[in-house]
1. Does B:Arg205 count as on the phi < 0 side of the Ramachandran plot and assigned to a loop (DSSP other than H, G, I, E, B)?
2. Quickly run through segment B:33-65 and pick out the residues that are in contact (Cβ under 8 Å) with a residue 24 or more places away in the chain, at the interface with chain A (Cβ under 9 Å from one of its Cβ atoms) and of a type outside the set (A, V, I, L, M).
3. Only helices (runs of 4 or more DSSP H) wholly contained in segment A:104-208 count here; list those with 1 or more residues that are more than 7 Å from chain B (Cβ to nearest Cβ), surrounded by fewer than 22 Cβ atoms within 10 Å (Cβ to Cβ) and touching a helix residue (DSSP H, G or I) at 6+ places or on another chain (Cβ under 7 Å).
4. Find all pairs meeting these conditions: Cβ atoms under 7 angstrom apart; at least six residues apart or on different chains; first residue within segment A:97-123 and in contact (Cβ under 8 Å) with a residue 60 or more places away in the chain; second residue part of a helix (DSSP H, G or I) and of a type in the set (D, E, K, R).
5. In this structure, does B:Tyr76 turn out to be aromatic (Phe, Trp, Tyr) and either touching a Ser or Thr at 6+ places or on another chain (Cβ under 6 Å) or assigned by TED's automatic domain parsing to the domain that holds B:Leu166 (or both)?
6. Select from segment B:149-162 the residues that are open to solvent by 10 Å² or more (accessible area, probe 1.4 Å) and assigned to a loop (DSSP other than H, G, I, E, B) and write down the one among them that is nearest to the other protein chains (Cβ to nearest Cβ).
7. Out of curiosity, is B:Ile69 open to solvent by less than 50 Å² (accessible area, probe 1.4 Å) and among the β-branched types (Val, Ile, Thr)?
8. Counting only residues that are over 22 Å from B:Ala238 (Cβ atoms) and touching a strand residue (DSSP E or B) at 6+ places or on another chain (Cβ under 7 Å), which one in segment B:72-114 is modelled with the lowest pLDDT?
Amino acid sequence: MSTQFASHPARRLGGLTLDPLAWMLTLLALVLGVSTFFLIVVYVLWQAAGVFGAVSLSEFLLFEPWVPLAEPPRLGILHAWVSTVYVTGIALLVAVPLGIVMALFIAEIAPTAVRNILQPCLEVLAGIPSVVYGFFGYVTLVVWFEHIFDMTTGVSILAAGLIVAVMVMPFIVSTATEALDAVPRSFRETGMSLGVTRFYVIRRIILPRAMPGIFAGIVLAFARGIGETLAALMLAGNSLAVPKELLDRGQTLTGLIATELGEAALGTEKFAALFAASAVLMLLILLINGGILLIKNRLLCHAQG
Amino acid sequence: MAAFFSSKTGYYVMHKAEQLLLNNRRAVVNDRVFWLLAWTAGAIGLLLPLSIIGYLLFHGFQVLSWSFISEVPRGYPLGVSGGILPAIQGSLAVTGLGLAVAFPAALASAIYLSEYARSQRFVAVMRFFTECLAAIPAILFGVFGYAFLVVQFGFGISVLSGGLTLAMLMYPVILIGSYSAFNAVERPLKESALSLGVSRAYVIRRTLLPKALPGIIAATVLAAGHAVGSAAPVLFTASVVQTRSSPSLDSPVMTLPTHLYNLVSEAVSFEHAYGTAFVLIACLLFANSCAMILRHRLRK
């Protein structure tokens with residue numbers, strides 16, 4: 001019996017058991033892969049630290065304009081983060097109400113056939129590359145804006161915000177649908193059996209239960225919105241002024257990085273400043289995602305225990 | 001009876017009944033309004049993707065011809081006429097290299113997490129960091145790839161730098177997809193296979209992999225489709241406006257998304273931009289339908 005097993009081809013490979021080898025190789029792959037995360041985080045922070053010899057943190061974030069060619073260079077990202085907040089704010093203002101109602105439609109009202117068509121459609125919408133969205137906005141929204149608002153160029157914070165809204169909406173819909181689907185069926189049935197309307201059941205019973213999941217989706221959508229690059233770069237207008245109105249031009253953090261990185265030499269203060277801008281973006285996104293993940297895991301642990 | 005309705009109690013009952021009826025009517029109206037709003041939102045959710053995709057495909061199709069995808073860009077400024085062959089080749093080269101690095105690494109990592117890892121805590125921690133890696137926006141991979149690979153490692157703006165950058169982008173996505181594909185394999189199947197006394201490696205190769213393969217391929221195809229369209233990571237690591245030679249590991253290339261970006265931002269040719277967007281959308285639709293078919297097979 002044992003000789004039979006020992007001679008099994010999978011058991012022995014040239015006198016070597018395959019299992020420890022597979023164990024070692026797969027562990028190596030995992031450690032190498034996951035360590036790229038730490039490599040990126042540490043490297044970006046390390047490069048970013050160089051800027052704080054030239055400016056202080058508050059100057060960098062709040063007071064200095066972005067004039068890297070001045071002597072000495074003036075490095076501030078106020079205009080960039082204000083633009084980012086504007087663009088993402090507009091995007092969420094549009095995408096959140098629409099996305100939640102759409103999720104309610106998918107989860108509570110739509111017949112299964114409609115749901116089965118709608119969900120793949122939204123999946124495709126989520127997959128359209130950022131640069132294609134930027135191009136689409138450029139040939140539709142921007143042109144309309146020039147007509148409607150009589151602008152010389154239609155590129156603006158508003159155009160970027162609306163396109164980013166379309167980009168983050170599928171994400172809000174899918175997370176909200178997931179949260180709504182997780183509410184037990186019996187809640188709906190009990191509610192409906194009391195003779196109240198479906199809207200009442202949704203508003204007073206289902207939405208409160210699904211709210212944490214929906215809120216998490218919105219926060220994650222914010223993190224995605226601020227990381228959006230190409231569409232914001234092509235539509236926001238690449239202006240170094242701090243935007244004040246919706247139709248002003250601006251430059252998001254991602255746009256600033258994408259525009260200037262190619263012209264910055266390693267080791268210069270401008271290069272470090274771009275890394276500091278990246279670090280701000282990265283820390284914000286990781287804080288949001290990490291926080292949500294930790295809360296979710298804790299909730300799961302509670303649910304199991 | 002009449003005495004009851006004219007009494008104080010009777011009046012109260014009537015008043016309450018009337019209020020209830022009014023409330024009920026308001027609730028019904030609210031319900032109707034909500035129903036209408038929900039169907040409107042559903043219609044928007046259907047029309048928005050269809051109109052965006054339709055608009056781009058319609059305009060792109062008019063530009064598309066065999067010469068558009070088989071010729072090099074010509075004219076001045078470059079891209080006004082000719083085709084986009086080098087961009088297609090470049091995108092394939094960069095994404096192919098990225099997949100060649102990311103796929104084995106991600107698959108092996110998923111196997112370790114779902115089959116070999118003993119401690120649940122270790123799995124949870126690793127999943128946490130993987131999901132954090134997946135949350136990092138594409139532009140940051142580009143920034144890191146540029147500074148670390150292009151400049152510090154001296155790989156230059158090349159297929160190698162771009163491919164490795166895209167590999168970092170794809171790795172967490174493929175890992176998470178494969179991990180859930182492995183986890184979806186029924187426990188009894190795994191246990192009965194193990195109970196036969198063969199090694200874990202054998203069970204993985206002969207039982208789990210075939211079962212999980214559709215899910216793994218679906219995740220990989222989606223990740224690759226995403227990477228092909230992603231301009232931010234290759235903008236500074238692999239792409240240039242123009243190349244003459246066919247792609248090699250240490251030379252820069254043109255890629256589809258950055259070519260589209262150049263055509264639009266320099267206002268070179270909107271016609272060719274439509275054509276390039278068509279090719280990108282076609283890649284996306286191909287990847288999504290592949291994934292959908294595979295997932296459908298998996299569910300059976």
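The values are calculated or read from the model by the stated rules, or taken from the named source; none is laboratory data. The structure displayed is predicted, hence computed values, not measured ones. When we count neighbours, we look across all protein chains shown, and the Cβ atoms used for this are built from the backbone with ideal geometry, even at glycine. Please note that ligands, DNA and RNA were not included when accessible areas were found on the heavy atoms of the full protein model with its side chains. Shrake-Rupley method; radii C 1.70, N 1.55, O 1.52, S 1.80 Å.
1. For B:Arg205, the condition - on the phi < 0 side of the Ramachandran plot and assigned to a loop (DSSP other than H, G, I, E, B) - is not met.
2. B:His59
3. A:112-127, A:141-148, A:157-181, A:185-193, A:198-201
4. Filtered contacts from segment A:97-123: A:Ile106/A:Arg115; A:Ala107/A:Asp181.
5. The answer is yes for B:Tyr76.
6. B:Ile157
7. No; evaluated as a whole, the condition is false for this residue.
8. My answer is B:Gly75.
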